[in-house]
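What follows draws every value from the coordinates through simple rules; no lab data is involved. Everything quoted here is computed from the prediction, not taken from an experiment. Every residue, glycine as well, gets a Cβ built from its backbone with ideal geometry; the counts of neighbours run over all protein chains shown.
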Amino acid sequence: MLTAYSTKTARKQVPAIVGKVHRAGGWKAGNVNLDLGGGPYGLTTEALRRYGVSNIVLDPGFQPESDQAATRSQLEARPADSCTISNVLNVIPDSLERARILQTACELTRGRIYVTVYEGDRSGKLKQTRDGWQANRCLKDWLHEIVVLLGYPATSKNGVIVIPGIEELPANICGAGRID
């Protein structure tokens with residue numbers, strides 16, 4: 001199971017990632033998105049419904065373990081078509097836990113994984129805030145970490161890191177970044 005971090009950082013608003021992925025043509029009607037660290041409000045689910053996309057939230061900070069286990073079982077049987085990880089990595093101080101989150105996304109998703117982070121003051125200095133911990137790292141730093149942790153390429157465009165889906169990767173590197 002994943003560990004909950006900084007649950008106070010959840011905001012009652014549709015994350016910017018929804019519109020950014022839409023403008024890039026990432027949402028396909030009939031698809032299922034895994035919202036990893038999606039929070040308690042369900043606003044991403046409502047927003048994606050407008051595009052014909054079903055959204056499944058997996059968030060250890062706001063769901064009991066039994067719900068998380070049921071969600072995992074559902075997605076192990078039929079992986080999501082896409083995954084969003086919005087403003088999650090930047091509130092987790094433990095790099096191993098960040099790696100576990102990325103691994104979970106890869107295991108439960110067959111398509112692209114979209115990641116956004118709050119860059120804070122961009123100083124790169126870890127800081128405690130009123131709501132929890134904040135990394136204050138630039139998007140390019142996160143892109144580098146993701147590539148290193150997964151062992152295969154990712155890109156960034158318009159503030160979104162895009163990790164290619166399993167069908168987009170050469171067969172010789174699929175599963176290269178497993179954290180066991």
Item checked: Over the chain: helical MRE at 222 nm, DSSP H runs n ≥ 4 each giving -39500 (n - 2.57), nearest 500 -> -9000 deg cm²/dmol
Notebook entry, point to check: Which residue fluctuates the most in the chain, going by a Gaussian network model with Cα springs under 10 Å, if the choices are Leu169, Leu143, Leu102?
Noted result: Leu169
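Given Cα pairs under 8 Å that are at least 6 residues apart, what percent is the relative contact order of the chain? Could the numbers behind the result be given before it?
On the way: 319 pairs, mean separation 38.1, N = 180.
It comes to 21 percent, rounded to a whole number.
Rounded to the nearest 20 debye, what is the charge dipole size of segment 128-172 about its Cα centre when +1 sits on each Lys and Arg Cβ and -1 on each Asp and Glu Cβ? Write down the numbers at each step before the final one.
Working: 4 positive and 5 negative charges, 44 e Å.
That gives segment 128-172 a dipole magnitude of about 220 debye.
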Next item on the list: Return the single residue from Gln63, Gln74, Gln128 with maximal mean-square fluctuation; model: Gaussian network over the chain, springs between Cα atoms under 10 Å.
Entry: Gln128
Next item on the list: Taking just the C-alpha trace of segment 14-173, give me its Rg and Dmax in Å.
Entry: 15.0, 45
